[in-house]
Structures are given as C-alpha cells and as structure tokens.
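Structure, as structure tokens:
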Amino acid sequence: MLKGINHVALIVSGEETLEFYRKLGFVETSRKFREDKNDYLIMMSNSNAVLEVFLRKDAPARHCSPEAYGCRHIAFDVECLEDVIDILKDYPQQNIRLTESGQRFVFITDPDGQPVEFLEVK
C-alpha cells in the first residue's frame, strides 16, 4: 500500500533556519509567496529527501515542554556523526548516544527549536 515518505513539512521563521537545512545539503527548488496565507512555500531537496517548508515569521513558537501530540522530530541517516556535528557546530547539540542496537545518534536543534536527529549508518 504505502511506498515511502513523499516529503516532510516544516514551518520556519526565516532564512536563518533555511540555512541550517542548506548546510545539510538541501537545495531550494522552488519558492512561492502565498498572499492568502502570508507565507512562502519553499521546496527543498537533496538526493534522498524532500522538505516542504513554510516560511512564516508570525507562526507561534514550537511547543516543546511538555511535548504535544503530533510530529516529535525528524531524523536523517548519515555516514559520519562527527561530520554533521562539525558542519552544525554553531547549533545546540546533545551528546552522542547509542540506540538499543548500538547505533550512534545525536540530536541537534535548528534555529526554530525543531529537534533533528542524525543516526549513523555504517
């Protein structure tokens, strides 16, 4: 029935957050101002994923604690955690941890407070 995930949708506050995803290799493929919503609809992609990004400066801040229902975080497979940590060194990061199966992972927070998980795949 399902063949995979088509895209992940994010609401961001500005160009600073788009830069976070550019550092991960995402390229903007389209941008359209939607006057009726007072936002920009921006599509970004890399070779493995598509982000549908809504740039809206007046959106409410992310509700982090206590966590609310809905999407908790997004996660990307990476070859080397240290490379990602170095590229995103200017953003808040947790310590590297291990999954129950021994896979290394780390959470890094984008400028809007969205936790992004990176799992090392070897």
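Coordinate-derived values only; no laboratory data. No experiment lies behind these values; they were computed from the predicted model shown. Quick reminder, even Gly has a Cβ in these numbers, built from the backbone with ideal geometry, and neighbours come from all protein chains shown.
Running Debye on the stretch 72-122 with equal point scatterers at the Cα sites and no solvent, what base-10 log of I(q)/I(0) appears at q = 0.17, 0.31 Å⁻¹?
Calculated log10 I(q)/I(0) at the listed q: -0.45, -1.35.
Hey, can you grab everything whose amide H is under 5 Å from the amide H of PHE76? Only 5+ residues off in sequence or another chain; H modelled, so Pro and N-termini drop out.
Residues meeting the criterion, in which the H sits 1.01 Å from N, are GLU117, PHE118, LEU119.
Pick out, in residue order, every one of the GluC sites (Glu not before Pro) in the stretch 66-122 that is DSSP loop and has at most 15 other C-beta atoms within 10 Å; say none if there are none.
GLU67, GLU79, GLU100
Check each of the GluC sites (Glu not before Pro) in the stretch 11-62 and keep only those in coil by DSSP with at most 15 other C-beta atoms within 10 angstrom; list them in order.
On the way: sites: GLU15, GLU16, GLU19, GLU28, GLU35, GLU52; in loops: GLU35.
Of the GluC sites (Glu not before Pro), the ones in loops of the stretch 11-62 whose Cβ has at most 15 other Cβ atoms within 10 Å are GLU35.
Restrict the search to the stretch 34-122; then list the chymotrypsin sites (Phe, Trp or Tyr not before Pro) that DSSP places in a loop and that have at most 13 other Cβ atoms within 10 Å of their Cβ. Each step should come with its number before you reach the end.
On the way: sites: TYR40, PHE54, TYR69, PHE76, PHE105, PHE107, PHE118; in loops: TYR69.
Answer in residue order: TYR69.
Full extension from ALA59 to ASP36: what is 0.36 nm times the residue separation minus their Cα-Cα distance, to one decimal in nm? Kindly include the intermediate steps, with their values, before the conclusion.
Numbers: separation 23, 0.36 × 23 = 8.28 nm, distance 1.46 nm.
Extending this stretch completely gives an extra 6.8 nm.
Tally Lys and Arg at +1 and Asp and Glu at -1 over the other residues with C-beta under 14 Å from the C-beta of SER13: what net charge comes out? Working shown, then result.
Numbers: positive: ARG56, LYS57, ARG62; negative: GLU15, GLU16, GLU19, ASP39, ASP58, ASP110, ASP112.
With Lys, Arg at +1 and Asp, Glu at -1, the neighbours total -4.
In µm²/s, what is D for the chain at 25 °C and 0.890 mPa s, where D = kT/(6 pi eta Rh) by Stokes-Einstein and Rh is the Kirkwood radius from Cα pairs?
On the way: Rh = 15.6 Å.
Taking Rh from Cα pairs, D becomes 157 µm²/s.
Could you please report the charge total around MET43, scoring K, R as +1 and D, E as -1 over all other residues with beta-carbon less than 14 angstrom from its beta-carbon? Present the calculation step by step, with values, prior to reporting the outcome.
On the way: positive: ARG22, ARG31, LYS32, ARG34; negative: GLU28, ASP39, GLU52.
With Lys, Arg at +1 and Asp, Glu at -1, the net is +1.
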